Amino acid sequence: MNSARENRSPDAIESLRTEELMINMGPQHPSTHGVLRLVIRTDGELVSEAWPHIGYLHRSFEKIGESVNYNQVVPYTDRLDYLASMNNALAYCLAVERLAAIEVPLRAAYLRVIMAELNRIASHLVAFGTYALDLGAFTPFLYGFREREDILAIFEQASGARLLYHYPRIGGVARDIGPDTVQAIRRFITVMRAAWPEYNALLSNNAIFIKRTANVGIVPRAQAIAHGLTGPCLRGSGISYDVRKAHPYSHYEDFTFAIPVGEGKMGTLGDCWDRYWVRMVEILESLKIIEQALDGLPQGPFLAKLPRTVKVPAGEVYVPCENPRGELGFYLVAQGKPQAMRLKVRAPSFCNLSITNALARGVLVADVVAIIGSIDIVLGEVDR
Amino acid sequence: MHSVIEEIQRFSPGALFWPLHSEWAWLVYALAFACCAALALAWMAVMAMAWTYGERKIAGFIQGRIGPNRVGPWGLLQPIADGIKLLAKEDVIPRISSRVLYVLAPALVFIGALLPFAALPFSERLVPVDMELALLYILAFEAIEVIGILMAGWAPGSKWSLYGGMRLAAQMLSYEIPMGLCVLVIVLLCGSLDFTEIVAWQSTTAWGLEHPWILGWAIFRSPAALLAFFIFYIGGLAATKRAPFDLPEAESELVAGYHTEYSGMRFAFFFMAEYASMYVICALCAILFLGGWHGPLPVPSVPDGATITGRWLEFTGSLDAADKAPLLRLAAASFELFQDPQSMRIMLREAIGAVNMLGKSFALYFIMIWVRWTLPRIRIDQVMYLCLKVLLPFALGCVVWTMIQVALFP
Amino acid sequence: MAATETAGWLGANLSFWAITILVLVSAAFTVYARSIIQAAYSLFFTLLGMAGFYVLLGSGFLAIAQVIIYIGGILVLIMFGVLLTDRPIAAQTSSLKWTYAAASLGTGLLLVNVFIRIILSADWQPASALGEPREAIAELGHVLLGSQLLSLELAGLTLLLCLIGAAYLVRRREQ
């Protein structure tokens, strides 16, 4: 406590501190998307530091990648970012195929694109719903999941599973899709196009939502690049970098689509609203890609002819792919054996999460929730 | 206005209740008070329970799902199941708390939500306790709720609860100011704090019509009153900690805020208090701004001073201690009451008034629920900004406008 | 008392003594409480009891004003101050020094003397001489804005000064 002399001056009021609290959000917490532990140091209501503590979902994926065969790794990749299962498996399969010089049939490539884009939409719908839930709007979550149910039904028809599909395989895809699945996808495209303005009316243009997200968590261009942000986090800051355009894979160069970029429409460039808006517009762009892929879907085999155990010659390769959350990269070091020597995952959420402390300085605790929600992490790939 | 107690008092010379003249008068009054208290408590409990069900059903429909439909037809018995569940939970009192305050806090919040029900009327003559200062009385109980919530935040001894309690107290107190100013608008226009007079004023001449029907409502009598209605409603949303102002309750942010450490029936107290105060706000809005029981349904008129009790006592005549069959007389009087046209008119008037009043309150309640399930949550500093920099100046403007209006057009 | 009219002799006395006990016990708690927070919460009951006294005396308006201003304003302010400041304050215990005890005893005796003199020298009339109790809101308003206008304006001015002072104290300083 202060000495008597200090108490006599009017500035003694300033030395009356409100208590500095260390708040622990998580690992079980409704607002951290998964088992993330955020240790927040606050001064009254303002945050002075917010450090994410991760590792609660570590399952030794990379070590397992060294002990099982190349084919056997594919189901494990599903469980990295469990909301974008198709995209993960696609990235890994591409890495193996590039090293082993495996030619993927065109039909398989197009099917992979369709499934990857559908999964992108599903993942963005979850991001949309849970972001709204974090901010206290309960209804958009259910609206988003209503559309997501259609996607999961399509996935179930195609692969037999609703969340973890094991669908992209090395050399192609697991199963072909029939005309009723194609019809279901086309129906979904119409439904989603009709529902999209509804989401905007409900959330994106809602004044309260804008007040909570605009001008909050602003990421300047330089900082975005310095922290290695990718995906909507990077594009929300105005940088137009998408792996599908920069390093096209799986015949993405055959399709016409735009890269939505944040413009600071509702607030400042690079704020939470921009990142959220990039995801929303990406849903529309993905619908375009799916339509084009369906229209141009060629006949042919859906899986290349491969031996039971894939033989990958010694070498190393890094293959980046555009996941819903950013750039997922697989760095594969092969040694001629049926197992890889090293399988390193460059997880987008892991790198995106690194910006949390920088963004959380000097904001209110409620804003920390908005910031984490806008970064859109999935702990499965943060921890692997 | 005639409350139950006043009616007993007024007609005691009818000598029907001979105890009133003896030293047992206090017992009769105590029983009457107890009945009124039970009535208020019962109505509050019914409102709280029914609207927990209503909220879940309405939320379900808004979100494209069905809501409770397992317990009873259309899930109507769900509140009972919830009540049983909450009662059966283990009563946990954390060790690092002040036991007295921990136990007292839900009681204070509940009391602060319950007592306004004693003054809330259903209709002109259906009110537990008639008060001249009913309006002021209801506004006073916000204060007791605030203290209860500060206690609830502090008592468990955890920083989560303290955070939530203080934020909530700040929010409730700030919003009392614009709400009080909006009430002042109506008091200025009408000239009384009494509910009967306010509602009666809203049925007098307006817009050149003698029986203005809906146009006599306060919101149509002055643009300031219209704005005051919205400000009062929004302030009411904030004062009852409803979304979009439910930051202290924010489950997704600070676990359950100030009532984290409460479980079982104690938590139920907070819950019921919230739903009950929502009803109080809606009923107040209906009475002050939307014409109370002079609603869309037309109300038959009766001569002044006629009451059901009066008619009943007239039928019973005078009973004295030597009467051979007093109960038979009472029963006959009750039977006659239902055949008398004037008493039927009175009952009809009260019933239709109550339907009007409840209809409006429930419509406003529905809108409160609608708003909750549509809008996201506002941050605490934005809540304060809204109150102090938006609502307060507009409320002051309304008061000034009303003062000028009353001065120029008395 | 007004209560006698409504509830009879027994009811009035019962309520009076119940409220008296509440006020005295909670006031004693306020003074002798172990922590300042408990003192603040006992003060709540004291103020509530005072509101009860006003009701018994027939003035509902004063009772409600007591609740709104004292409990809803002053007590909440005290509680915010107590809850927001550092913990060490809450842990203080009252230390009894004989100088303090002597001073408080002397002051108490002085006050008791003054009160007794006031009570004995007042011209007490039975309650019935005042006429029927009723809410004199209109008269109160006329008095406040009529004969007591200067006091009202001075009170308002004082409040304004307090607000300005508070705003000045919490302004952000450019370091």
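Considering only helices (runs of 4 or more DSSP H) fully contained in region A:118-231, which possess at least 3 residues that are closer than 30 Å to A:Asn69 by Cβ?
Where helices (runs of 4 or more DSSP H) fall fully within region A:118-231 and carry at least 3 residues being closer than 30 Å to A:Asn69 by Cβ, they are A:139-159.
Suppose the filter is over 30 Å from A:Lys344 (Cα atoms), assigned to a helix (DSSP H, G or I) and either modelled with pLDDT of 90 or more or not assigned by TED's automatic domain parsing to the domain that holds A:Ala158 (or both); does A:Glu97 pass it?
On the way: over 30 Å from A:Lys344 (Cα atoms): no; assigned to a helix (DSSP H, G or I): yes; either modelled with pLDDT of 90 or more or not assigned by TED's automatic domain parsing to the domain that holds A:Ala158 (or both): yes.
So A:Glu97 does not fit the description; no.
State which residue is most open to solvent (accessible area, probe 1.4 Å) when the search covers only region C:26-40 and only residues that are closer than 20 Å to C:Ala101 by Cα and assigned to a helix (DSSP H, G or I).
Among residues in region C:26-40 that are closer than 20 Å to C:Ala101 by Cα and assigned to a helix (DSSP H, G or I), the one most open to solvent (accessible area, probe 1.4 Å) is C:Tyr32.
Just to be sure before I move on: is A:Ser240 hydroxyl-bearing (Ser, Thr, Tyr) and surrounded by fewer than 15 Cβ atoms within 10 Å (Cβ to Cβ) in the structure I sent?
Values: hydroxyl-bearing (Ser, Thr, Tyr): yes; surrounded by fewer than 15 Cβ atoms within 10 Å (Cβ to Cβ): yes.
So A:Ser240 fits the description; yes.
Within the group A:Glu14, A:Glu6, A:Glu20, A:Glu66, which residue is modelled with pLDDT of 85 or more and either among the acidic types (Asp, Glu) or more than 28 Å from the chain's Cα centre (by Cα) (or both)? Break it down into steps so the answer makes sense when it comes.
Values: A:Glu14 fails: modelled with pLDDT of 85 or more; A:Glu6 fails: modelled with pLDDT of 85 or more; A:Glu20 fails: modelled with pLDDT of 85 or more.
Of the residues listed, the single one that is modelled with pLDDT of 85 or more and either among the acidic types (Asp, Glu) or more than 28 Å from the chain's Cα centre (by Cα) (or both) is A:Glu66.
If you take the residues of region A:255-279 that are charged (D, E, K, R) and either modelled with pLDDT under 90 or assigned to a loop (DSSP other than H, G, I, E, B) (or both), which of them is surrounded by the most Cβ atoms within 10 Å (Cβ to Cβ)? Outline the logic, then answer.
Our first condition is that a residue be charged (D, E, K, R); within region A:255-279, this holds for A:263, A:265, A:271, A:274-275, A:279.
Then drop every residue that is not either modelled with pLDDT under 90 or assigned to a loop (DSSP other than H, G, I, E, B) (or both), which leaves A:263, A:265, A:271.
On the way: A:Glu263: 12, A:Lys265: 13, A:Asp271: 27.
The residue in question is A:Asp271.
Can you pull out the residues in region B:167-205 that are charged (D, E, K, R) and touching a Pro at 6+ places or on another chain (Cβ under 6 Å)?
Matches in region B:167-205: B:Arg167 only.
In region B:345-365, is there at least one residue being farther than 26 Å from B:Val183 by Cα and without any contact (Cβ under 8 Å) to a residue 24 or more places away in the chain?
Scanning region B:345-365 turns up no residue that is farther than 26 Å from B:Val183 by Cα and without any contact (Cβ under 8 Å) to a residue 24 or more places away in the chain.
Got a sec? Which of A:Val39, A:Val73 is in contact with a helix residue (DSSP H, G or I) (Cβ under 8 Å, 6 or more places away or on another chain), modelled with pLDDT of 70 or more and open to solvent by less than 70 Å² (accessible area, probe 1.4 Å)? Before you say what the answer is, go through the steps one by one.
Working: A:Val39 fails: in contact with a helix residue (DSSP H, G or I) (Cβ under 8 Å, 6 or more places away or on another chain).
Every option except A:Val73 fails the conditions.
How many residues are under 15 Å from A:Gly231 (Cβ atoms) and open to solvent by 10 Å² or more (accessible area, probe 1.4 Å) if we restrict to region A:78-126?
Residues meeting the conditions: 2.
Those residues that are open to solvent by 20 Å² or more (accessible area, probe 1.4 Å), within 30 Å of B:Glu350 (Cβ to Cβ) and either assigned to a loop (DSSP other than H, G, I, E, B) or more than 12 Å from chain C (Cβ to nearest Cβ) (or both), I need them from region B:87-117; list them, please. Reasoning before the result, please.
Taking region B:87-117 as the starting set, the residues that turn out to be open to solvent by 20 Å² or more (accessible area, probe 1.4 Å) are B:87-100, B:103-104, B:107, B:110-111, B:114-115.
Still in the running and within 30 Å of B:Glu350 (Cβ to Cβ): B:110-111, B:114-115.
Of everything in region B:87-117, those that are open to solvent by 20 Å² or more (accessible area, probe 1.4 Å), within 30 Å of B:Glu350 (Cβ to Cβ) and either assigned to a loop (DSSP other than H, G, I, E, B) or more than 12 Å from chain C (Cβ to nearest Cβ) (or both) turn out to be B:Phe110, B:Leu114.
Would you check which residues across region B:35-86 are more than 22 Å from B:Ser277 (Cα to Cα) and part of a helix (DSSP H, G or I) and list them?
If the condition is that a residue be more than 22 Å from B:Ser277 (Cα to Cα) and part of a helix (DSSP H, G or I), then B:Gly60, B:Phe61, B:Ile62, B:Pro73, B:Trp74, B:Gly75, B:Ala81, B:Ile84, B:Lys85 are the ones that fit.
Within region B:132-147, can you find the residues that are in contact (Cβ under 8 Å) with a residue 60 or more places away in the chain and either β-branched (Val, Ile, Thr) or buried (at least 22 other Cβ atoms within 10 Å of the Cβ) (or both)? Steps first, answer last, please.
If we filter region B:132-147 for residues that are in contact (Cβ under 8 Å) with a residue 60 or more places away in the chain, which is where we start, we get B:132-135, B:138, B:142, B:145.
Answer for region B:132-147, where residues must be in contact (Cβ under 8 Å) with a residue 60 or more places away in the chain and either β-branched (Val, Ile, Thr) or buried (at least 22 other Cβ atoms within 10 Å of the Cβ) (or both): B:Ala134, B:Leu135, B:Ile138, B:Glu142, B:Glu145.
Inspect all residues belonging to region A:349-372 and state whether any of them is closer than 22 Å to A:Leu99 by Cα and part of a strand (DSSP E or B).
Step one: list which residues in region A:349-372 are closer than 22 Å to A:Leu99 by Cα, which gives none.
For region A:349-372, residues closer than 22 Å to A:Leu99 by Cα and part of a strand (DSSP E or B): absent.
Looking at region B:153-176, which of the residues that are within 20 Å of the chain's Cα centre (by Cα) and within 11 Å of another protein chain (Cβ to nearest Cβ) is farthest from B:Ala105 (Cα to Cα)?
Within region B:153-176, the first condition is being within 20 Å of the chain's Cα centre (by Cα), and the residues that meet it are B:172-173, B:175-176.
If we keep only those that are within 11 Å of another protein chain (Cβ to nearest Cβ) as well, we get B:172-173, B:176.
Working: B:Met172: 16, B:Leu173: 18, B:Glu176: 21 Å.
Among those residues, the one meeting the criterion is B:Glu176.
For region C:79-98, name all the residues that are open to solvent by 70 Å² or more (accessible area, probe 1.4 Å) and either at pLDDT 85 or above or part of a helix (DSSP H, G or I) (or both).
Of region C:79-98, the ones open to solvent by 70 Å² or more (accessible area, probe 1.4 Å) are C:84, C:87-88, C:91-98.
Matches in region C:79-98: C:Leu84, C:Arg87, C:Pro88, C:Trp98.
The values are calculated or read from the model by the stated rules, or taken from the named source; none is laboratory data. All values reported here derive from a predicted model rather than from experimental measurement. Quick reminder, even Gly has a Cβ in these numbers, built from the backbone with ideal geometry, and neighbours come from all protein chains shown. Protein only, heavy atoms only, side chains kept; ligands, DNA and RNA dropped before computing areas. Shrake-Rupley method; radii C 1.70, N 1.55, O 1.52, S 1.80 Å.
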